[in-house]
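Below is one structure; the comments refer to it alone.
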Protein chains: 2
Amino acid sequence: MYRAKVNITLRKSILDPKGKAARHALQNLGLKEIDQVRIGKLIELDINAENEEIARELADSACSQLLANEVMEDYHIEIEKT
Amino acid sequence: MYRAKVNITLRKSILDPKGKAARHALQNLGLKEIDQVRIGKLIELDINAENEEIARELADSACSQLLANEVMEDYHIEIEKT
């Protein structure tokens with residue numbers, strides 16, 4: 001059993017309106033030292049696989065087919081044994 | 001300048017309908033080895049702070065005041081120098 005931690009972030013060139021709104025709200029709360037906010041997704045997958053390589057392939061397949069939008073988003077996968 | 005990476009995850013006891021829906025869709029795509037899916041948030045903050053400790057305090061304050069809902073979510077902060 002493996003756990004894949006997938007970080008999905010918006011590409012640098014894509015505007016992040018949720019992040020902009022959060023930054024604005026933080027400034028209004030007095031946290032003026034916080035300069036930029038970017039909001040992405042963290043997805044944890046529990047995978048039944050024989051080895052780490054197969055687990056990584058399955059996670060990659062899940063990302064490219066469903067979880068990430070590769071036009072706008074980058075993803076990074078970390079695998080750990082559980 | 002520091003960058004805080006904040007992982008926000010739903011507490012174990014809270015049902016994750018987005019994760020359940022994603023799991024169901026992955027099963028329909030034939031990825032039957034993926035057993036559980038949990039979806040959280042990954043927030044990156046760029047912080048102007050003199051040292052790591054102050055940066056961590058600011059990130060923690062941002063999380064508890066705005067970014068995380070501590071009734072339903074846990075958060076974990078990592079600080080790196082940029």
Discussion item. Taking all protein chains in place and a 1.4 Å probe, what share, in percent, of the accessible surface of chain A do carbon and sulfur account for?
Written reply: 48
Discussion item. Contact order normalised by length for chain B, with contacts defined as Cα pairs under 8 Å and 6 or more residues apart; what percent is it?
Written reply: 52
Practice prompt. Note the distances from B:Leu66 to each other copy's matching label point, with points 7 Å along the Cα-to-beta-carbon direction, in nm, sorted shortest first.
Written response: 3.4
Worksheet, complete the sentence: homo-copy label distances at A:Thr82 (7 angstrom along Cα-Cβ), nm, one dp, ascending, are 3.0
Discussion item. Name the residue from A:Ala25, B:Thr9, B:Ile47 whose Cα lies farthest towards the positive end of the charge dipole of the protein assembly as shown, charges +1 on Cβ of Lys and Arg and -1 on Cβ of Asp and Glu.
Written reply: A:Ala25
Worksheet item: Quick one: helix A:52-62 against the long Cα principal axis of chain A, what's the angle to the nearest 10°, folded into 0 to 90?
Response: 50
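Mind putting a number on the dipole of the protein assembly as shown about its Cα centre? Charges go on the C-beta only, +1 for Lys and Arg and -1 for Asp and Glu, and I need it in Debye to the nearest 20.
640
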Worksheet item: Taking the Cα centre of the range B:2-81 as origin and charging only Cβ (+1 Lys, Arg; -1 Asp, Glu), how large is the dipole, in debye to the nearest 20?
Response: 640
Discussion item. Closest beta-carbon to the B-to-A rotation axis: which chain B residue owns it, and what is the separation in whole Å?
Written reply: B:Leu42, 2
Response to the item:
the range A:2-81 -> Rg/Rh from Cα coords, Kirkwood Rh, value 1.13
Worksheet item: Which angle between 0 and 90 degrees, to the nearest 10, do you get for helix A:17-28 versus the longest principal axis of chain A when only C-alpha atoms count?
Response: 50
Item to complete: Give the share of C-alpha pairs in each 10 angstrom bin for the protein assembly as shown, from 0 to the last occupied bin, in whole percents, shortest bins first.
Response: 10, 35, 33, 17, 3, 0
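The values are calculated or read from the model by the stated rules, or taken from the named source; none is laboratory data. As the structure is a prediction and not an experimental result, all values here were calculated from the model. Counting neighbours? That spans all protein chains shown, and the Cβs are built from the backbone with ideal geometry, glycine included. Ligands, DNA and RNA are excluded from the accessible area calculation, which covers all protein heavy atoms including side chains. Shrake-Rupley method; radii C 1.70, N 1.55, O 1.52, S 1.80 Å.
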